[in-house]
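Here's the structure we're looking at; comments come further down.
Read-outs throughout are calculated quantities, based only on the coordinates presented, and are distinct from any laboratory measurement. None of the values given here were measured: they were computed from a predicted structure. Note that we place each Cβ from the backbone using ideal geometry, even for glycine, and neighbour counts take in every protein chain shown.
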Ligand code: AMP
């Protein structure tokens, strides 16, 4: 099964994709994680992309598409979930030529929730680990959507439950202006991807208004409803 998880920054894509990876036995490919890893190791690719990353801008398509192409080659192009790709119509067009996508999981949320969640995100410093936590405690209703999002805390403050490494706040999550810029980039450059796929690929639209385990259950149910899971 080849899936895309799509949604604005802070919508929990990484969390859901990691859980789906183990539940479905598919491989999660996250371009953001690949870039963070390359930047940390100060590789040639890392040096090329760091300025875009630090400004909250998209890395140019020709670089990102190559990175994705290589990542897909490593897994013989099947049974994956793409997290954070495609983020432009150009990327979606390139992807169409490489593999077939079975469904898009489209995560929805109000901007005020996204900002709160993004500022409160803490991730594992071990690049081999996908530990992901959140300090925000959100209970509110906006436009008739009731959000109940308790914090996702590690057992020991600041330490990853899964591997014992330290947690940290992503540099691009620290600065409110940068978060807002990434949301604008999403609206202007990434949202058109939805219109590119409408009518071509099956969509699963889901509000991120409950804790991850419930959202993942809803996604699995929807995958059954459209016949991708027995
Ligand atoms: P993420 O971890 O998905 O929020 O991505 C963090 C940053 O990596 C983004 O703000 C972009 O600078 C870059 N990035 C990740 N995926 C892509 C993509 N598909 N296209 C362009 N830039 C990307």
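Observations on the model:
- More than 12 Å apart - percent of Cα-Cα pairs taken over segment 119-165: 63 percent
- Share antiparallel - DSSP beta bridges, the chain, percent rounded to 5: 40 percent
- For segment 74-146, the fraction of C-alpha pairs more than 19 angstrom apart is 58%.
- Across segment 1-98, the mean sequence separation of Cα contacts (distance under 8 Å, 6 or more residues apart), normalised by length, yields a relative contact order of 44 percent.
- Once the Cα-Cα distance is subtracted from the 0.36 nm per residue extended length, the residue 217 to residue 108 segment shows a gain of 37.6 nm.
- The residues 216, 99, when put in order of fewest to most other Cβ atoms within 10 Å, stand as 99, 216.
- Computed lengthening from residue 187 to residue 74, 0.36 nm per intervening residue step minus Cα-Cα distance: 37.6 nm
- Bins of 5 Å, starting at 0 and running to the largest distance - Cα pair percent for segment 1-120: 2, 11, 20, 23, 22, 15, 7, 1
- Ellipticity estimate at 222 nm from DSSP helix runs (n ≥ 4, -39,500 (n - 2.57)) divided over the chain, nearest 500: -13000 deg cm²/dmol
- Potential extension, residue 61-residue 165 segment - 0.36 nm per residue separation minus Cα distance: 34.2 nm
- Estimated inter-spin distance, residue 42 and residue 224, nm [label 7 Å along Cα→Cβ]: 5.2 nm
- Take the Kirkwood radius over Cα pairs of the chain, plug it into Stokes-Einstein at 20 °C and 1.002 mPa s, and you get 118 µm²/s for translational diffusion.
- Residue 174 versus residue 125: modelled label distance in nm, points set 7 Å from Cα along the beta carbon direction: 1.3 nm
- Average Cα contact separation per residue, segment 86-178, under 8 Å, 6 or more apart, as relative contact order %: 24 percent
- Ordered by the count of other Cβ atoms within 10 Å of each Cβ, fewest first, 44, 111 give 44, 111.
- At R0 = 22 Å, FRET efficiency that the Cβ-Cβ distance of residue 135 and residue 54 yields, to 0.05: 0.40
- Contact order relative to length of the chain, as percent, for alpha carbon pairs under 8 angstrom and 6 or more apart: 27 percent
- Diagonalising the gyration tensor over the Cα atoms of segment 152-230 and scaling each eigenvalue by 5 before taking the square root yields semi-axes of 30, 24, 10 Å, largest first.
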